[in-house]
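The values are calculated or read from the model by the stated rules, or taken from the named source; none is laboratory data. Please read all numbers here as calculations on a predicted model, not as lab measurements. Glycine gets a Cβ as well: all are built from the backbone with ideal geometry, and neighbour counts include every protein chain shown.
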Amino acid sequence: MTRLARLQHRLQQAILGGIEMDWPGLEIYRDAYRLRLTEALEAEYPMLARWLGQERFSRMAFDYMRAYPSRHRSIRWVGNHLPEFLHHRGEPAHGEMAAFEWALGLAFDSADAMPLSSEALAAVPPERWPDLRLRFHPSLSLRRFHYPVPELWRALQAETRLPDCIYQRESRSWLIWRRELRCYFRSLSPAEARVLERLLDEETFSAACAWLAGFESSGDAARQMAQWLQRWLEDGLVVWIA
């Protein structure tokens with residue numbers, strides 16, 4: 001390593017906070033670097049920042065940067081460890097808000113795909129349905145949250161009164177996806193979540209129906225599957241069949 005390379009490496013470590021250097025003006029660069037990363041975190045987690053408030057969010061961001069220094073070439077990924085960081089320091093509700101906003105960002109950045117039309121699905125011969133496998137939009141993800149962070153996110157975005165049950169634990173599954181340039185999310189019943197998990201694992205349509213028939217006490221699994229399938233098509237979630 002050349003002298004210049006060693007000096008550049010020491011300067012980088014000093015800005016990142018790994019070592020101390022008695023260099024005039026260094027603190028200006030260090031503060032600018034931290035502020036830029038804080039701005040990047042706020043861009044990725046805008047509702048978490050609004051929930052915490054600017055001062056508290058900035059302190060949290062500095063703590064996070066010390067625990068998880070940026071290792072990626074792109075600033076886009078500077079916040080990928082924030083959910084686990086907040087969980088580890090005893091802030092599970094804030095951690096879930098971060099996980100929710102990160103999932104929205106991943107959905108927005110995901111690859112695009114043309115949704116399957118109802119007409120295309122209706123053209124599938126009846127004998128193919130037992131072995132049919134559905135392919136879903138690349139942006140789709142299933143998440144389970146123990147706090148009502150999606151409802152809180154909506155309230156924070158609309159700047160309305162926050163829900164009274166912010167810290168009340170209630171485990172629910174949520175579906176997150178993107179259609180064109182907009183992200184969507186909705187809660188799922190336990191049955192729909194389990195069926196989607198099975199279909200995402202490439203289980204056949206008939207196997208998922210058989211599982212639902214055993215799960216549903218009403219015995220009307222076929223109608224329920226038909227309703228869900230119609231909604232998945234309307235939401236643009238299904239993109240291919242195999």
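Tell me which of these A193 doesn't satisfy, since it passes every other one: (1) of a type outside the set (F, W, Y); (2) touching a Ser or Thr at 6+ places or on another chain (Cβ under 7 Å); (3) not in a helix (DSSP H, G or I).
(3)
Quick one: count up the residues across the range 162-196 that are under 16 Å from the mean Cα position of the chain (by Cα), of a type in the set (D, E, K, R) and within 17 Å of G236 (Cα to Cα).
Counting residues in the range 162-196 that are under 16 Å from the mean Cα position of the chain (by Cα), of a type in the set (D, E, K, R) and within 17 Å of G236 (Cα to Cα) gives 4.
Assess whether Y184 counts as being aromatic (F, W, Y) and touching a Cys at 6+ places or on another chain (Cβ under 9 Å).
No: the conditions fail for Y184.
I'd like to verify a number: residues in the range 65-79 that are in a loop (DSSP other than H, G, I, E, B) and not hydroxyl-bearing (S, T, Y), how many?
So the answer is 6.
Could you list, in sequence order, the residues of the range 71-115 that are touching a helix residue (DSSP H, G or I) at 6+ places or on another chain (Cβ under 8 Å), touching a residue at least 40 places away in the same chain (Cβ under 8 Å) and farther than 16 Å from L52 by Cα?
Listed by number, the residues that qualify are V78, W102, G105, P115.
Look at the range 102-119 and say how many of its residues are outside any helix (DSSP H, G or I) and either in contact with a strand residue (DSSP E or B) (Cβ under 9 Å, 6 or more places away or on another chain) or buried (at least 19 other Cβ atoms within 10 Å of the Cβ) (or both).
Matching residues across the range 102-119 total 6.
Would you check if E55 is assigned to a helix (DSSP H, G or I), more than 21 Å from A158 (Cβ to Cβ) and at pLDDT 90 or above?
Yes.
Please work out if R169 is outside any helix (DSSP H, G or I) and surrounded by fewer than 17 Cβ atoms within 10 Å (Cβ to Cβ).
Yes, satisfied.
Residue by residue through the range 172-182, note down the ones that are surrounded by fewer than 11 Cβ atoms within 10 Å (Cβ to Cβ) and not in a loop (DSSP other than H, G, I, E, B).
Within the range 172-182, just R182 meets the criteria.
Could you grab me the full set of residues in the range 120-161 that are part of a strand (DSSP E or B) and under 20 Å from the mean Cα position of the chain (by Cα)?
Selection gives R135, F136, S141, L142, R143, R144, F145.
Here are L156, L188: which of them is buried (at least 17 other Cβ atoms within 10 Å of the Cβ), at pLDDT 95 or above and more than 23 Å from A43 (Cα to Cα)?
L188
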